[in-house]
Amino acid sequence: MKYSAYAMPNLPTPGNCVTINPDICTGCCRCVEVCIMDVLIPNPEKKGPPIILYPDECYYDGCCVEECRESGAITLNHPLMQRVRWKRKDTGEHFRV
Amino acid sequence: MSTFFESFSQHGESSLKWPYPIKYGEETELTTDVLVLGGGPAGCMAAISAAKRGLSVIVADKSHSKRAGGGSGVDHWVNCPNPASPVTAEEAIEWEVNSYGGYANALSRYIAARESYDTLLEIEEMGGKIRDLNDEFKGAPFRDEKTKFLYAYDYKNNITIRIWGTTFKPAMYKRCKKLGVKMLNRLLVTSLLTEDGRQGERVVGATGLNTRTGEFFIMKAKAVINCMSFAEGNWLFSSELTGLPYFHPNIICDGPAIAWNAGAEFTMMEKSSPAPAPGYQLPSYGSGNPKNTWYPATMVDAQGKIIPWVDGKGNPINDVSERTLPAEGQKYFGDRSLHPDHRYSHLVDDLETRIRNGEYMLPLYADLTDMPDHERRVIWGMMVGEEGRTKVPVYDTYTAAGFDPKKDLLQSYYMLGGEPFPGMWQHETVPYFRGRGPFASPGGLVTDWNLQTNLEGLFAAGNALYAGNYYSHAAATGRYAGRKAAEYALTSSDSVIDRDQVTAEKNRVLAPAQLKSGMDWKELRAGLCRVMQQYCGEIKNENLLNLGLIWLKDIRENILPNVYAHNPHMLGRVIESFNLLDGNELIINSCLARRASSKHLGFTRQEYQEMDPPDWHAFVTTSQKNGQITSDKLSLDYSNPISLNYERHNSDYKGYLSH
Ligand code: SF4
Ligand code: SF4
């Protein structure tokens, strides 16, 4: 097992408001264009997936996801403390987002 | 591979390079007939109205107008007299005037009541979906079979229409583009320009900062429309979860601040109400509840026991269908009204006590499983799906995780007035944080029947108006303001920009970009909010408010010069924070101007124990001229006789309700 360590400040939380799948994302930047808070920026590499620069400013409205034309390229992640639970009426089992 | 850390690991130093061209110091000068500030529903509709008159139009928005302001959706078109409703425009404004003790904007509400149906049809014509054309709800009691409109809340009076609001903003944006409106996105408006650069004079344009490039914009216009919403960020800020305030993270205080600095007149800015702590809500409409988007969902306790409902007058009701009918003697349901003539059916009023006594065990759940099929499908799938922030964040995300409304009970995290599940609306919330939130009809700009402010050339619409609120009101008043601003622009003389005013503003705006270190915008924002929490909370007095002003002056003189920005995005956040400081001063000065307490305004002055004494039962207005703050009183019924006044100003308007 290889360990690594970096001198890093604490990152803002939540830090992963969206997940971008680099295998599907074409780097078209439609999401970057419309993001209502300008959370995302283009990748330094052409056609690379956008970078989440300001995750702390995300409004979790999902407009970036609505704009994306590549199904599954970008998904919204609710912060852990905002994940809601539900109960199956018949069985009483519990689930969550 | 999308977080900054990952990018840094891969690209090293080049990931620190700002991705957009840097244009600090550069300027673009633009000239237009009508300049619309803010690209939400009010701004887009205003632009469309003005462009249809053949005028040149610019829309400036700090976000992106396709999705800014209600861009993720809206589910209800409220206060909308229409062919299937017996409620008249005159009656439609009553509930709010009654519910808020007269502190409502009868003028703009009446305009919206007269024209919101026309506005809706115009949005349909642009491509917005407003009817159940696929007959998904055929036969449902809330459907008008002829027009295929779906109604909400009150199935007898049909004053609220259910809509597919995710389609609205993209349709408006497309129409603006088609009409040749110049859409300037990522342009934060920083100030209004006035004739000779003097406060209180005619408004002749505005300045803006591009928050990607840092470029400075000077926009000269014959008419300017402020559609930049209200003051929302004054008490509420979480430095970690910046994007999760109570209402909308883009609504801070920009619109009020620039208008206040130019000399515009405000009212009701002293109003505030309890608000939940910022940053810690659950996904909007993403937890079980029986209100608003989820109306009239069945609620059960942890053991499956159904929580009983009562009608708007407190009489027990049994059947689901009764929840959507007014009580005997009630006129119609008014949005979130607590007034007995207009209150919705709701869960029993003593639910909190019954929970504390153990009659209903926590947690509670929303149970759609046994509801009539049409109610379940319209709540989960249309309302949750079309309302803002529900399509991707709730409907898609929960569905992908396996939530099935036919089988599952969604947990509720509200309903108790305190821990662990506080209330959902202001009147159920434990204070400390305060807000001016959208559901409390907050203060804002005063206008005449042309929606023109006291400043010539400056119009206002939507939530920029005092006691604004509601998407339908924003769209209808925006459409109206665009029409009136166009008429003004067609006859007004050319405007002249004062270069000294521009230079001073440019220097102010760009100063933080010249510093490499100092205080960051988040610390400033949190500090400004703390001043309001401590000196402008529920209980106020003159000395306390003045201490707040001293603190703000200190921050302005000693802290502001040290606030820095590493890039244009951060610079935008800094300027927003400066706007917050101006807005805080506007609010505190408005609080000082009302020398009486008012229950209706959530306003307690210790020196004035009597609530709402008759001589203060009036609007108090505040404005600045030459740096001096003045205040005045305005009678609560100043817009009467309402329909006559409307007719006088709109004799040539043809719409559904034209007489
Ligand atoms: S819109 Fe979709 S495909 Fe385009 S950059 Fe964003 S995530 Fe990638
Ligand atoms: S959810 Fe909204 S704020 Fe967050 S990244 Fe997407 S568009 Fe931007």
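Given Cβ point charges of +1 (Lys, Arg) and -1 (Asp, Glu) and nothing else, what value in debye, to the nearest 20, does the dipole of the protein assembly as shown about its Cα centre take?
About 1280 debye.
When only C-alpha pairs under 8 Å and at least 6 residues apart count, what is the relative contact order of the range B:292-430, in percent?
Reported as a whole number, the value is 23 percent.
First check a/c for the protein assembly as shown, with a ≥ b ≥ c the square roots of the eigenvalues of its C-alpha gyration tensor; if it is under 1.5, answer rounded, and if not, answer prolate when a/b is larger than b/c or oblate otherwise.
It is rounded, given that a/c, with a ≥ b ≥ c, falls under 1.5.
Quick one: putting +1 on the C-beta of Lys and Arg, -1 on the C-beta of Asp and Glu, what dipole do you get for the range B:292-430 around its Cα centre, in Debye to the nearest 20?
On the way: 14 positive and 22 negative charges, 37 e Å.
Dipole of the range B:292-430, to the nearest 20 debye: 180 debye.
Under a crude label model (7 Å from the Cα following the beta-carbon direction), how far is A:Lys2 from B:Arg556 in nanometres?
Computed distance between label sites A:Lys2 and B:Arg556 equals 5.8 nm.
Per residue, what volume in Å³ does the Cα convex hull of chain B take up?
Convex hull of Cα atoms, per residue: 161 Å³.
Just to confirm the number: angle between the C-alpha axis of helix B:168-178 and the first principal axis of chain B, 0 to 90 degrees, nearest 10?
For B:168-178 against chain B, the angle is about 40 degrees.
Give me the summed buried accessible area for the A-B pair, 1.4 Å probe, to the nearest 100 Å².
Summing both chains' loss of accessible area gives about 5100 Å².
Sum -39500 (n - 2.57) across every DSSP H segment of at least 4 residues in chain B, then divide by the residue count to get the 222 nm mean residue ellipticity, nearest 500.
That calculation yields -8500 deg cm²/dmol at 222 nm.
Hey, got the average number of other protein chain Cβ atoms within 10 angstrom for residues in A:12-19?
Mean partner-chain Cβ count within 10 Å for A:12-19: 3.
Please turn the phi angles of the range B:464-478 into ³J(HN,Hα) values with the Karplus equation 6.51 cos²θ - 1.76 cosθ + 1.60 (θ = phi - 60°), one per residue in order, whole Hz, x for glycine and proline.
6, 6, 5, 6, x, 4, 5, 4, 5, 5, 4, 5, 5, 6, x
Under unit Cβ charges (Lys, Arg +1; Asp, Glu -1), what dipole magnitude, rounded to 20 debye, does the range A:1-78 have relative to its Cα centre? If you can, show how the numbers build up before the last one.
Working: 5 positive and 10 negative charges, 74 e Å.
Dipole of the range A:1-78, to the nearest 20 debye: 360 debye.
With a 10 Å cut-off between alpha carbons and a GNM built on chain A, which of A:Glu45, A:Glu33, A:Glu70 moves the most?
Residue with maximal mean-square fluctuation among A:Glu45, A:Glu33, A:Glu70: A:Glu45.
Quick check: at a probe of 1.4 Å, how many percent of the accessible area of chain B sits on carbon and sulfur atoms?
For chain B, the apolar C and S fraction of the accessible surface comes to 50 percent.
Largest first, please: the extent of the C-alpha atoms of the range B:79-196 along each principal axis, to the nearest Å.
Result for the range B:79-196: principal-axis Cα extents of 59, 41, 19 Å.
Give, as a single signed number, the net charge of other residues whose beta carbon lies under 10 Å from the beta carbon of B:His11, with Lys and Arg counted +1 and Asp and Glu -1.
-2
Show me B:368-376, B:229-237, B:648-656, B:78-86 ranked by packing, highest mean number of other Cβ atoms within 10 Å first.
Ranked by mean Cβ neighbours within 10 Å, highest first: B:229-237, B:78-86, B:368-376, B:648-656.
Hey, if you put +1 on the Cβ of every Lys and Arg and -1 on every Asp and Glu Cβ in the range B:1-93, which of B:Phe8, B:His76, B:Gly39 ends up farthest toward the positive end of that dipole?
After comparing all options, I get B:Phe8.
How far, in degrees from 0 to 90, does helix B:542-554 lean away from the longest principal axis of the Cα atoms of chain B, to the nearest 10?
Result, in degrees: 50.
Measure nothing but the geometry: give the 0 to 90° angle between the long axis through the Cα atoms of B:568-593 and the longest principal axis through the Cα atoms of chain B, rounded to 10°.
80
In whole angstrom, how long is each semi-axis of the equivalent ellipsoid of the range B:311-468, when you take the square root of 5 times every eigenvalue of its Cα gyration tensor and sort them from largest down?
33, 22, 19
Taking a cut-off of 17 Å, what percent of all Cα-Cα pairs in the range A:1-78 are separated by more than that?
Taking all Cα-Cα pairs of the range A:1-78, the fraction more than 17 Å apart is 45 percent.
Running Debye on the range B:502-619 with equal point scatterers at the Cα sites and no solvent, what base-10 log of I(q)/I(0) appears at q = 0.15 Å⁻¹?
-0.71
Across the range B:69-81, in residue order, what do the Karplus-derived ³J(HN,Hα) couplings come to in whole Hz, using 6.51 cos²θ - 1.76 cosθ + 1.60 with θ = phi - 60° and x for Gly and Pro?
x, x, x, 8, x, 6, 10, 10, 10, 8, 6, 10, x
The values are calculated or read from the model by the stated rules, or taken from the named source; none is laboratory data. This is a predicted model, so every value here is computed, not measured. Positions of Cβ are backbone-derived with ideal geometry, glycine not excepted, and every protein chain shown enters the neighbour counts. We work out accessible area using only protein heavy atoms, side chains counted, and drop any ligands, DNA or RNA first. Shrake-Rupley method; radii C 1.70, N 1.55, O 1.52, S 1.80 Å.
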